[in-house]
1. Only Lys, Arg, Asp and Glu count, each charged at its Cβ (+1, +1, -1, -1), so figure out the dipole size of segment 113-157 about its Cα centre, rounded to 20 debye.
2. Using 7 Å Cα-to-Cβ label points, what is the residue 164/residue 14 separation (nm, one decimal)?
3. Given the Cα-Cα distance of residue 139 and residue 173 and 0.36 nm per residue of separation, how much length would full extension add, in nm?
4. Among 131, 20, 58, whose Cα projects farthest towards the positive end of the dipole of the chain, with charges put on the beta-carbon of Lys, Arg (+1) and Asp, Glu (-1)?
5. With +1 on each Lys and Arg Cβ and -1 on each Asp and Glu Cβ, how big is the dipole of the chain about its Cα centre, in debye rounded to the nearest 20?
6. In Å², and per residue, what accessible area does segment 97-158 have when probed at 1.4 Å with the other protein chains present?
7. If each of residue 121 and residue 51 carries a label point 7 Å out from its Cα toward its Cβ, how far apart are those two points in nm?
8. Assign unit charges at the C-beta atoms only (+1 for Lys and Arg, -1 for Asp and Glu), then state the dipole size of segment 40-101 relative to its Cα centre in Debye, rounded to the nearest 20.
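The values are calculated or read from the model by the stated rules, or taken from the named source; none is laboratory data. From a predicted model like this one, the values you see are computed outputs, not experimental measurements. Cβ coordinates were reconstructed from backbone atoms using ideal geometry, including for glycine residues, and neighbour counts include every protein chain displayed. SASA here: full protein model, heavy atoms, side chains in, ligands and nucleic acids out. Shrake-Rupley method; radii C 1.70, N 1.55, O 1.52, S 1.80 Å.
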Amino acid sequence: MITLSPTPVLETERLTLRAPQGSDWPHWRSFYQSDRAQYVGGGSPEPKPGAYWRAFGHLTGHWVMRGFGMFVFCLKGDDTPLGMTGPWYPDGWPEQELGWTVWSQAAEARLCRRGARAVRAHAFRDLGWTTAVSYIDPDNARSIALAERLGAVRDRGARQPVFDKPCLVYRHSPEAA
């Protein structure tokens, strides 16, 4: 039996990071249908009825199944979601991952970086992780740049998840956090 506990809320100087909620759905769907989602399985009109709904359910359900998941990040005092970042480890994933997506063009890259730093510290400190990776599409220059700014190092020997094409794997260490 799965016991639900309150999800944590993380804060940085400028951001509030919280678990996804139902009111985030329209923002997420807009993002997932935009070109901004091309590296995370979106970026086109909905392929099958309900496919985007199921994908959003995967994000919210991860919290129930694992007790952690992707945090929505918003500016403090404004609950408008700007993106997601967080610890990620769905069934069948080769390793624990730190991921991120920026939903809004209004979100600056440094806001995502601040959020990613906060959730990386949370993963190592509160979840007890000793390592984590970020799986990145080789064409996603912005995500590669963010991983490198976070101090992650390319790991050519890491196992790959099953995607349509190989990805780059960047390894995070507690020392970088």
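1. Working: 9 positive and 5 negative charges, 50 e Å.
The dipole of segment 113-157 has a size of about 240 debye.
2. Placing both labels 7 Å along Cα→Cβ, they lie 3.3 nm apart.
3. Between residue 139 and residue 173, full extension yields an extra 9.9 nm.
4. 131
5. Working: 21 positive and 18 negative charges, 41 e Å.
Computed charge dipole of the chain: roughly 200 debye.
6. Details: 2950 Å² over 62 residues.
Accessible area per residue, segment 97-158: 48 Å².
7. Here the modelled spin labels are 3.9 nm apart.
8. Numbers: 4 positive and 6 negative charges, 24 e Å.
Its charge dipole is roughly 120 debye.
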